[in-house]
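Accompanying notes for the structure given below.
The values are calculated or read from the model by the stated rules, or taken from the named source; none is laboratory data. Only a predicted model underlies this, so the values are computations on that prediction, with no experimental measurement involved. A quick note on method: Cβ atoms are made from the backbone with ideal geometry, for glycine too, and the neighbour counts reach across all protein chains shown. Protein only, heavy atoms only, side chains kept; ligands, DNA and RNA dropped before computing areas. Shrake-Rupley method; radii C 1.70, N 1.55, O 1.52, S 1.80 Å.
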Amino acid sequence: MAQPLMPHATASWLVENTSLTFEQIADFCGLHILEVQAIADDTAATKLTGRDPVRAHELTMDEIDRGQANPDYRLKMMKGPDQVRRTKGPRYTPVSKRQDKPDGIAWILRHHPEISDGAIGKLIGTTRTTIAAIRDRSHWNIANIVPKDPVTLGLTTQRELDSAVAKAAKAAGIEAPTDTRLEGDREALIEQLRAEREAAAREAELAEHGVVETPAFIDPFKK
């Protein structure tokens, strides 16, 4: 299912400007319902302008009205002329987050060994070679790799991770675990979402002015 170009910013706008349920907004934006709830809790604190999906030609007011009139209704994305989406190739990860990939991979290997290497590759946007190197501890930077939740790192969404876990559990004939990690970590989630929205807003502003950021060089051997 197609999703908004900027899901968190779009969810923020829908929370502020409509009476849609958190579940409807989460479904439309491709987010976990707890992410939407965290956005709602944090809206007043961030004071960031959300992204209007109507102006972006991703949603119509008629569609929003249908959703507000029926909590069970699921919003349908418009196919706007500027909606260009990747259909093949690896997941794109911002340069600033690429160094976090090994930590996210290590976390999945530790907590969800039932997930296949192919599924991990799609979730995080990495290669089977990298996954294998981390699994057998032959990765060049293995001494500095610390397992960290890939959702918290911003490498994937909670919904995508839950889907991969459920699919792997079904294939392995085991019961999918109930995820309760976010229940006691709302403040951390809010901070993560705030940082992501601020980064997205900054990237959008730079793009409007035709400015491309040059990432700072990171010495992989420097501790």
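So is ARG159 in contact (Cβ under 8 Å) with a residue 12 or more places away in the chain and over 26 Å from GLU196 (Cα atoms) or not?
Numbers: in contact (Cβ under 8 Å) with a residue 12 or more places away in the chain: yes; over 26 Å from GLU196 (Cα atoms): no.
So ARG159 does not fit the description; no.
Is it true that some residue in segment 141-160 is open to solvent by 30 Å² or more (accessible area, probe 1.4 Å), assigned to a loop (DSSP other than H, G, I, E, B), modelled with pLDDT under 90 and of a type in the set (Lys, Arg)? Checked segment 141-160: at least one residue is open to solvent by 30 Å² or more (accessible area, probe 1.4 Å), assigned to a loop (DSSP other than H, G, I, E, B), modelled with pLDDT under 90 and of a type in the set (Lys, Arg). Contact map, segment 125-136: residues that are within 24 Å of THR157 (Cβ to Cβ) paired with residues that are assigned to a loop (DSSP other than H, G, I, E, B), Cβ distance under 7 Å, separation 6+ or inter-chain. Pairs shown: GLY125/PRO90; GLY125/ARG91; GLY125/TYR92; GLY125/THR93; ILE134/ILE145.
With respect to the stated conditions, THR126 fails to be of a type in the set (Ser, Thr, Tyr) and either in contact with a strand residue (DSSP E or B) (Cβ under 7 Å, 6 or more places away or on another chain) or modelled with pLDDT of 90 or more (or both).
So which of ALA56, ALA44 is over 28 Å from ALA119 (Cβ atoms), at pLDDT below 85 and not in a loop (DSSP other than H, G, I, E, B)? Break it down stepwise before answering.
Numbers: ALA56 fails: not in a loop (DSSP other than H, G, I, E, B).
Only one candidate qualifies: ALA44.
Residues of segment 20-42 that are among the small types (Gly, Ala, Ser) and farther than 16 Å from ARG74 by Cβ: ALA38, ALA40.
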